[in-house]
1. For the stretch 126-133, check the following and say yes or no: at least one residue is in a loop (DSSP other than H, G, I, E, B) and within 17 Å of Gly9 (Cβ to Cβ).
2. Please find, among Ala35, Ala93, Ala103, Ala125, the residue that is within 13 Å of the ligand (Cβ to nearest atom), within 15 Å of His18 (Cα to Cα), surrounded by fewer than 20 Cβ atoms within 10 Å (Cβ to Cβ) and not basic (Lys, Arg).
3. Kindly indicate whether any position in the stretch 40-63 is under 16 Å from Ser129 (Cα atoms), free of Cβ contacts under 8 Å to residues at least 60 places away in the same chain, open to solvent by 70 Å² or more (accessible area, probe 1.4 Å) and assigned to a loop (DSSP other than H, G, I, E, B).
4. Looking at Glu80, is it among the charged types (D, E, K, R), on the phi < 0 side of the Ramachandran plot, touching a residue at least 24 places away in the same chain (Cβ under 8 Å) and away from the ligand (no atom under 14 Å from the Cβ)?
5. For the stretch 11-26, check the following and say yes or no: at least one residue is assigned to a strand (DSSP E or B), at pLDDT 95 or above, of a type outside the set (A, V, I, L, M) and open to solvent by 30 Å² or more (accessible area, probe 1.4 Å).
6. With the condition kept exactly as written, say whether any residue in the stretch 112-120 is surrounded by fewer than 18 Cβ atoms within 10 Å (Cβ to Cβ) and aromatic (Phe, Trp, Tyr).
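The values are calculated or read from the model by the stated rules, or taken from the named source; none is laboratory data. All of these numbers come straight from a predicted model, not from anything done at the bench. Because the Cβ atoms are built from the backbone with ideal geometry, glycine has one as well, and the counts that use them run over all protein chains shown. Heads up: the accessible areas ignore ligands, DNA and RNA and are worked out on the full protein's heavy atoms, side chains in. Shrake-Rupley method; radii C 1.70, N 1.55, O 1.52, S 1.80 Å.
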Amino acid sequence: MTRKAVFPGSFDPVTSGHMHIIKSGLLVFDEIIIAIGQNSNKQGYFSLEQRMSWLKSLYADEPRISVETYTGLTVSFCRERGAGFILRGLRSAADFEYESVIAQTNRTLAPEVETVFILTDPQFAHISSTIVKEVLKHGGDISSMVPSVVVKPVD
Ligand code: ADP
């Protein structure tokens, strides 16, 4: 049976931390769908098209990875795609607090979909899309936090 996981997130923008989770996820899963959520409460800084194109170019040569956008519940998207797993990354105890509520809710909604957490490598533990955007807004160098495709955004 194919072990298919959905890796949901905002990816606004994709960071080296996300990429580490995806790389580790490929050791566990046969297929990963990177799913960019269109959240009505969370307006993106970068356009969906931009976020999607960065992810697609990063994984163009990896047939086990696909990139999609979705709206609505993550578990509904998993069911539509026949994915039995949700992949999420953990950086800290604060992440765990936040993620465990979401994972328990998802389990209630869809008991057949298992959430799997992968712990980040310490070198990426301080990286978040929010921090990247802050540094970028103030003209700082983000090259240590994001893949090179993101470093020179074409807006
Ligand atoms: P969301 O808005 O759903 O939190 P993000 O794009 O911020 O979307 O994060 C998607 C997933 O990637 C989450 O599970 C988050 O914990 C994980 N993640 C983000 N940054 C890192 C990092 N530096 N190391 C490991 N996991 C990370």
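1. Checked against the condition, which is being in a loop (DSSP other than H, G, I, E, B) and within 17 Å of Gly9 (Cβ to Cβ), the stretch 126-133 yields at least one hit.
2. The match here is Ala125.
3. For the stretch 40-63, residues under 16 Å from Ser129 (Cα atoms), free of Cβ contacts under 8 Å to residues at least 60 places away in the same chain, open to solvent by 70 Å² or more (accessible area, probe 1.4 Å) and assigned to a loop (DSSP other than H, G, I, E, B): present.
4. Taking the combined requirement at face value, the residue does not satisfy it.
5. No, because not a single residue in the stretch 11-26 is assigned to a strand (DSSP E or B), at pLDDT 95 or above, of a type outside the set (A, V, I, L, M) and open to solvent by 30 Å² or more (accessible area, probe 1.4 Å).
6. yes
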